[in-house]
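Just below is one structure, and these are the notes that go with it.
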Amino acid sequence: MRDVVATSALLLLAPMAAAEVSTVFDFEGLPASSGVGVGELSVLDLSQEGIGLAISREDGIAFDVVDVGSLFNPPASFGTRALDPFANRVGGGPGTGGAFVFAFDIALTSFSIDFGNGAGGTATLEAFSDASLTTLVSTATETGGLFPNVSTLTVAGEFQYLRITSTHPTNPLGDEENVFYLDNIAVTAIPTPNASLALVMGGLLAARRRR
């Protein structure tokens, strides 16, 4: 009888366990690089609310997490930490590329990211369903501004990988590509049915052991 009750509870609870999960990766609390454009990171692995994120750049270009609050005049929403792209100057010079790539370990239904401090430039966000970044699901393009002004890129659909590329042909530093500070990556995901089922089964087994 207990097994019948447990099975019935499992069937009832499994759909509930697949509710959407949302979180914001804002980089607060992470150690800052020693300066702007140093290039101390090649990959940054993060995890929140059961959602894993690996951040890297194309062309093997490095990046940093900087104490943006001490360097510029960012909006309050940027806090003290942000992604710094200016290591694209190191070794390659202007226009060397290095688009940011965001790889998640679970499919998303929405993604947004704030960017700023590059008046006159534009940023394009692409969402893909495959790791090779060939199957495009959604895209968005916005114009950026100088701090404290911030722009936001948002896409929706079902995807797991994203790429953000920015251009700024008149940037006084000479950089032509990927020149915006990035922050506040807000995502929504739906756990896979297998993951939800495993969570419910684990809870039921634990309850039975306690009896």
Can we say L125 is of a type in the set (A, V, I, L, M, F, W, C) and modelled with pLDDT under 95? no
Assuming D183 fulfils every condition listed in (1) in contact with a helix residue (DSSP H, G or I) (Cβ under 7 Å, 6 or more places away or on another chain); (2) buried (at least 18 other Cβ atoms within 10 Å of the Cβ); (3) modelled with pLDDT under 70 apart from one, which condition is it? (3)
Members of segment 138-170 found to be over 9 Å from G121 (Cα atoms), among the polar types (S, T, N, Q) and either in a loop (DSSP other than H, G, I, E, B) or in contact with an Asp or Glu (Cβ under 6 Å, 6 or more places away or on another chain) (or both), listed by number: T139, N149, S151, T152
Look through G91, G95 and report the one residue that is modelled with pLDDT under 85, out of contact with any helix residue (DSSP H, G or I) (no Cβ under 9 Å at 6 or more places or on another chain) and assigned to a loop (DSSP other than H, G, I, E, B). G91
Would you pick out the residues in segment 108-137 that are part of a strand (DSSP E or B), of a type in the set (A, V, I, L, M) and touching a Leu at 6+ places or on another chain (Cβ under 8 Å)? I113, A123, L125, A127
Within segment 75-85, does at least one residue satisfy the condition of being assigned to a loop (DSSP other than H, G, I, E, B), modelled with pLDDT under 90 and at negative phi? yes
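The values are calculated or read from the model by the stated rules, or taken from the named source; none is laboratory data. Since the model is a prediction, treat every value here as computed from it, not as a measurement. Note: ideal-geometry Cβ built from the backbone for every residue, glycine included; neighbour counts use all protein chains shown.
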